[in-house]
Amino acid sequence: MCNNKPVKTTCPYCGVGCGLECSIAKDGEVVVNGDTEHPANIGKICVKGAALQETVTIEGRLLQPTIAGKDVSWPSAIDAVAISFLDVIKRYGPDAVGFYVSGQLLTEDYYVANKLMKGFVGSNNIDSNSRLCMASTVAGQKQAFGADGVPGCYEDIELADLVIFTGSNAAWCHPVIYQRVVEAKKLKPNLKIVVIDPRKTATCDIADFHLPLKPGSDATLWNGLLNELRSLGYNRENSRFIEEDADAIEWAVSSAPSIKTVAGLCNLKTDDVARFYELFLENQKVVTLFSQGINQSTSGTGKVNAILNCHLYSGRIGKPGMGPFSLTGQPNAMGGREVGALANQLAAHMDITNSEHRKLVKEFWRCKPLVKKPGYTAVDMFKAMADGKIKAVWIMGTNPAVSLPDSSFVKKALKKCPMVVVSDVVKNTDTSRYADIMLPALGWGEKSGTVTNSERCISRQRSFLEKPGQAKADWWIISKVAQKMGHKDAFAYKNEHEIFCEHAQLSGFKNGGQRVFDISGLAQLNTEEYDLLKPIQWPVLTPGVGTKRLYQEGYPRKNGKARLVTVIPQDPKGKINRAYPLLLNSGRVRDQWHTMTRSGNSPRLGRHKPEPYFDIHPDDAKRYGINNGELVKLKSALGHGVFRAVINNNQRVGELFAPMHWSRQFSSNSTVNSLVHPFLDHQSKQPEFKQTPVAIKALTPGWVGVAFCRGDIADKSLLYANRVKVGSNLWRYDLAGKDDFSSWQSVARSLFSNVADSAWLEYIDTGYLAYRGGFMSGDGLGGSLFMAKSRPVCHNGEMAKLFEKAEISNQERGVVLSGGSSQAKMDEGKIVCACFGVGEQKIITAILNGAATNVKEVGRLLKAGTNCGSCIPEIGSLLLENQPSQAVPA
Ligand code: SF4
């Protein structure tokens, strides 16, 4: 569909699940705005959502099925997948095949994949990349509540008197939730905000105070709070709804006997811990927002339960303005949980280990008996491939060669697996290099179905773009393969609407109020009603009537009570030692998404953090001889990578932080997860991404350089090569090599050997040891390269303008050799406001000369922060850093 009328859909990035209105302007440009009617965002969007139109490009798309790299027809591809899976099942049994799926899939896709594997292949070997972001929450909620249901809704955040962010940099990772808190604080100045995080993140900008606790000590902090609550008898009025476990209380007392002990174990000031506990005790309306900093741990489930225990014990749950609140990472992580696309769950929130549930699903699907044994979870599935136990895998919409821990091992496992099928939107990913069969899937804007966000809100994703090439919906691809495997009737779906209704029916099938996830009220939607479905929070028992809050009348356990779970605090598995003396925390940046397959296409999003980097405390930088902006090798026992050093006070001494986004498609050797150990939480099987012991060493390159060109460069012999999109199909490369000055000219020529076939313009400065070169493509510019001993300054915007010209003049050739700097443009530093391209230096100058003393004035003067607002925390930090006496951060 392609028209001018805005189509209501949802954002494909984070678990906030913002509603969008998308249309196509007369000039063909996609227009994206926040949907003012969507309850998640009420019109707001962050910079990632605002830049979506830059990502819906045909460039790099997979448009045709391929077998062994050769284009084939859909029937041939479907035959090949079905035959290879049937062959493996016949020879080695159903557990020799696996599906590794993704929170990017729509619920309908997820449902069909899960049905095929669990109901018809006869194995539970299906797991989702959502395992990496929220499995600990699933395990924790099931233990405490008896169901995997987030108790509250976003509105509670605004109704709260105390908001706690723990293990969550929402300002960058869930920006619209953060903005809702900022707005709430403006309307209600007494709202208190606490951030608990080893790092000082952008989220701290609105905090009343920040607890920079020792990594991994969260459970002790929360056990200490439970102990405080116990000593004050907080459970009395709440005992109707909770089942106290004497062990849980005993462990809270013994692991956190006093505030002073807690402070010592968490490396915090006693007064700060006491203040945090007082705030919790003083305020009835408390919302605790938690995310990857809690979940991605070998004791993530325990940490989740330590938080839930405090809310349950004090009765701060199930009512407006209160509750523990898990912020999911992926747009449809919740949908995956609903359909059971995890190796230890059944469909519709039923349990694999429950024989009644297995019988019920078998009866509904009319399939063979379901298997009791849980399948391989994410990390273990790749181990099983390496061990030769899984012989055929189908990877859908995800990039495990970058996103799983010990990514080098994952690549080896993929190489060893005899049959690797990859369904994806893009052609080249680090994972697709190992694919035997590739299947082109529809992307955001092209596909249609439903997703569920962090507050259990089911929303429609609707298509509004033409379907490119031969790309098909994931549910269609899976159904065709299933039919070819002999399951014609069970997968004879004509559209996503039919699948959704079946999913909704199953949720209510013989439910009788036993299972919280029940959307049977949506099971009878006709096509038009499904098309027009408005966002609605499950459970939905009656058409059109959703549920804001769960557990108001009790919990879905036999006695109707939630359980206090025993939490024994555990140290992280990753421990520093003499060889690896620093602890590396990994995470996300504001303007990129996962492995950048989509967000990496946006020049606007590339401006904020254009290169892989790591944050380091000034004391550590001094100790290890690291200079700001220098290239540094980070090394763990498993692998190494090259990252640019950013020195700041945001880390605790001895700890580093690096984002996980960069893959080989963007950077030659900067995949953070190649360093991360695959240590798992024994309950949730979620990996510990946040505590990797590493060593660091500055690189001493023979040269560093910056190149601009439209194609790929030949980067085989480089120490470092990173690319970022800076214009329409134009890439900037930041490079470093070993070679000495005498060979720079030949290195320059060899880097462009695959694209340059015309004469070169060159300037070689033997005094300052600098090389500048460029070559033409017709009368226009084909590429340019600047090499020096220290990093050359090149102005991206000016260079992009030169590349856009069909013909460049002699004068402009001179500009090429000066890196686009002849117009004496101020180097703006890193871009803070990606929407309007406002750099750090411009903002600092405005602050220093008194033109802007608060965020609003920065906005009025430079426009920065006036569109999506994602950069407001950084503008606030610049104000505080550069004019502390007068700055008003918001
Ligand atoms: Fe998308 Fe940003 Fe909303 Fe997340 S907060 S759903 S990334 S617009």
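The values are calculated or read from the model by the stated rules, or taken from the named source; none is laboratory data. What you see is a predicted model; the values in this text were computed from it and never measured. Methodologically, a virtual Cβ is constructed for each residue, glycine included, from the backbone with ideal geometry; neighbour enumeration extends over all protein chains shown.
Points to keep in mind about this one:
- Where a residue in the range 239-250 is at pLDDT 90 or above and its partner, wherever it lies, is crowded, with 16+ Cβ neighbours inside 10 Å and not in a loop (DSSP other than H, G, I, E, B), with Cβ under 7 Å and at least six apart: Ala248/Asn309; Ile249/Arg230
- The residues in the range 521-546 that are touching a Phe, Trp or Tyr at 6+ places or on another chain (Cβ under 7 Å) and either surrounded by fewer than 19 Cβ atoms within 10 Å (Cβ to Cβ) or of a type in the set (A, V, I, L, M, F, W, C) (or both) can be counted, and the count is 1.
- Residue check for Ser670: outside any strand (DSSP E or B), under 30 Å from Pro374 (Cα atoms) and among the small types (Gly, Ala, Ser): no
- Residue list for the range 459-490, restricted to those being assigned to a loop (DSSP other than H, G, I, E, B) and closer than 19 Å to Gly397 by Cβ: Arg462, Ser463, Leu465, Lys467, Pro468, Gly469, Gln470, Ala471, Ala473
- Any hit, the range 375-384, residues being of a type outside the set (Lys, Arg) and farther than 18 Å from Lys685 by Cα: no
- Where strands (runs of 3 or more DSSP E) sit wholly within the range 547-662, those with at least 2 residues that are farther than 30 Å from Asn227 by Cα and of a type in the set (Gly, Ala, Ser) occupy 582-587, 640-647.
- Within the range 669-683, residues that are more than 19 Å from Asn399 (Cα to Cα) sit with their Cβ atoms under 7 Å from residues that are at pLDDT 95 or above and among the aliphatic types (A, V, I, L, M), at 6+ positions apart or across chains, in these pairs: Leu680/Val379; Gln683/Ala139.
- Only one of the listed residues (Thr527, Thr547, Thr597, Thr542) is of a type in the set (S, T, N, Q) and closer than 30 Å to Phe679 by Cα. That residue is Thr597.
- Matching residues in the range 689-716 - criterion: being without any contact (Cβ under 8 Å) to a residue 24 or more places away in the chain and either of a type in the set (Phe, Trp, Tyr) or not in a loop (DSSP other than H, G, I, E, B) (or both): none
- Residue count for the range 602-635, restricted to those that are within 15 Å of the ligand (Cβ to nearest atom), touching a helix residue (DSSP H, G or I) at 6+ places or on another chain (Cβ under 7 Å) and of a type outside the set (D, E, K, R): 2
- Some residue of the range 751-760 being surrounded by 14 or more Cβ atoms within 10 Å (Cβ to Cβ), of a type in the set (Gly, Ala, Ser) and under 27 Å from Phe643 (Cβ atoms): no
- Complete set of residues in the range 34-60 that are closer than 17 Å to Met596 by Cβ, within 11 Å of the ligand (Cβ to nearest atom) and in a loop (DSSP other than H, G, I, E, B): Cys46, Ala51
- Listed by position, the helices (runs of 4 or more DSSP H) contained in the range 280-395 that have at least 3 residues being more than 16 Å from the ligand (Cβ to nearest atom) and among the hydrophobic types (A, V, I, L, M, F, W, C) are 300-313, 355-365, 378-386.
Quick grid of which residues meet (1) within 30 Å of Pro539 (Cβ to Cβ); (2) of a type in the set (Val, Ile, Thr):
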| position | (1), (2) |
| --- | --- |
| Lys447 | yes, no |
| Val451 | yes, yes |
| Cys457 | yes, no |
| Arg460 | yes, no |
| Glu466 | no, no |
| Lys480 | no, no |
| Ala492 | yes, no |
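- Residue among Leu221, Leu281, Leu229 that is in contact with a Phe, Trp or Tyr (Cβ under 6 Å, 6 or more places away or on another chain) and aliphatic (A, V, I, L, M): Leu229
- In the range 4-33, residue farthest from the chain's Cα centre (by Cα) [restricted to those that are assigned to a loop (DSSP other than H, G, I, E, B) and within 12 Å of the ligand (Cβ to nearest atom)]: Cys18
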